[in-house]
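Asks: Let me begin by handing over the structure; questions about it come next.
The values are calculated or read from the model by the stated rules, or taken from the named source; none is laboratory data. If you're wondering where the values come from, they're calculated on a predicted model, not measured in any experiment. Cβ atoms come from the backbone with ideal geometry, glycine included; neighbour counts cover every protein chain shown. The area values use the complete protein model at the heavy-atom level, side chains included, leaving out ligands, DNA and RNA. Shrake-Rupley method; radii C 1.70, N 1.55, O 1.52, S 1.80 Å.
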Amino acid sequence: MSLFFGVSLSAQTVKSQNNNIWFHYVGKNMLTEKLSFTFEGTMRYTNGFSEKQQWFVRPSVDYQFTKGFMGSLGYSHYNTYAYGDPAMNKTSIPEDHVWIQGTYIHNSGDFKFIHRLRNEHRFVGIAKYDVASADYDIDHYEYRNRLRYMFIVNYPFTKKEGKTELFGILGDEAFINIGSNAGKTFFNQNRLIGGLGYNFNAQHQLQLLYIHQNIWNYGNTMQESNPTVRISYLTNFKW
C-alpha cells in the first residue's frame, strides 16, 4: 500500500524481493535567471553489489515560469538488467524516453511541499528468443506512455544563519501506465520515500534515503517488493 493508492493483485502474481543500493547524481546549471540545464544519472545495484539492476542518464532543459513553478523538457536513456530470482527480464532491456514535466513548490511555515508530474513517452526494447544464438535479443521497440507523480515534504531540523542544513524527507511517487498500450496493470511502479538531506552550502547537497520500491511487470504476473537505499549527490551552479 502506498501513501496514495492500493493495488489488488491476482492470485497468480509471483512476488519477489531484491535489496537495492542506488547511487544517484543530479546537477542543475543555471544559464540565465530562469533557464537551466540539468543532468541526472544513476547506477543501481541489487542484492548488495552482486547484481546490476539498472543505469540511466537524463538530461533536461528547465524554465522557471514563476517562483513556485518550473517546466522541463527532457530525454532519458535506460538499461535495465536481468536480475533477481525470478527475473522479470530475460536479458538487458534498453529504453529511450522523451518527457515533459512540471514541478510546483510551496511552503507552509517550515514545511516545503514539492509536487512533480512527468509525462514519459517510452520506447521500450522488446526481447525475442533467437534459436540460432540460443539467447534473447532485442527484436524491436514498443511505444508506451507513463505518468509519474511525486509528492515530497521537507522539514528542517537544523539551520545556520537562517538557511536549512539538516532536513527530513518524506513522500511517495506513483508510476501510472496510460494509453492504448498500457498493459494489464494500472501501476508500473510505486516508491515510498523517507530519509535525510544535508546542505553543505548553496551549491552542494547530500541525501540518504530509504525507498521501498514496488514494480509490476507489463502482464501483471510478477511483482517486486524491493527495500532500497539511495545515496544522492546534488549540485546547483550558476554560470
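Asks: In the chain, what percent of the accessible surface is made up of carbon and sulfur (1.4 Å probe, ligands and nucleic acids excluded)?
Replies: Carbon and sulfur together cover 60 percent of it.
Asks: Sticking with this one: Just by accessible area at a 1.4 angstrom probe, what is the order of 209, 234, 192 from largest to smallest?
Replies: 192, 234, 209
Asks: Given the peptides 72-79, 135-142, arrange them by the average over their residues of other C-beta atoms within 10 Å, most packed first.
Replies: Highest to lowest by the protection proxy: 72-79, 135-142.
Asks: Send over a whole-number figure in Å² for the accessible area per residue of the chain, probe 1.4 Å.
Replies: Result: 54 Å² per residue.
Asks: Looking only at segment 197-231, which residues have a backbone nitrogen under 16 Å from a spot 7 Å from the Cα of residue 166 in the C-beta direction?
Replies: 197-201, 206-209
Asks: Now, a different point. Can you check what the net charge comes to around residue 129, using other residues whose Cβ is under 13 Å from the Cβ of residue 129 (Lys, Arg +1; Asp, Glu -1)?
Replies: -2
Asks: To the nearest 10 square angstrom, what accessible area does residue 51 show with a 1.4 Å probe?
Replies: Rounded to the nearest 10, the figure is 60 Å².
Asks: Tell me the Kirkwood hydrodynamic radius of the chain in angstroms, computed as one over the mean inverse distance between distinct C-alpha pairs.
Replies: Result for the chain stands at 19.3 Å.
Asks: Still on this structure, please answer the following. Please give the length that would be gained between residue 82 and residue 52 if that part of the chain were fully extended, namely 0.36 nm times their separation in residues minus their C-alpha to C-alpha distance (nm, one decimal).
Replies: Residue separation times 0.36 nm, minus the Cα-Cα distance, leaves 10.0 nm.
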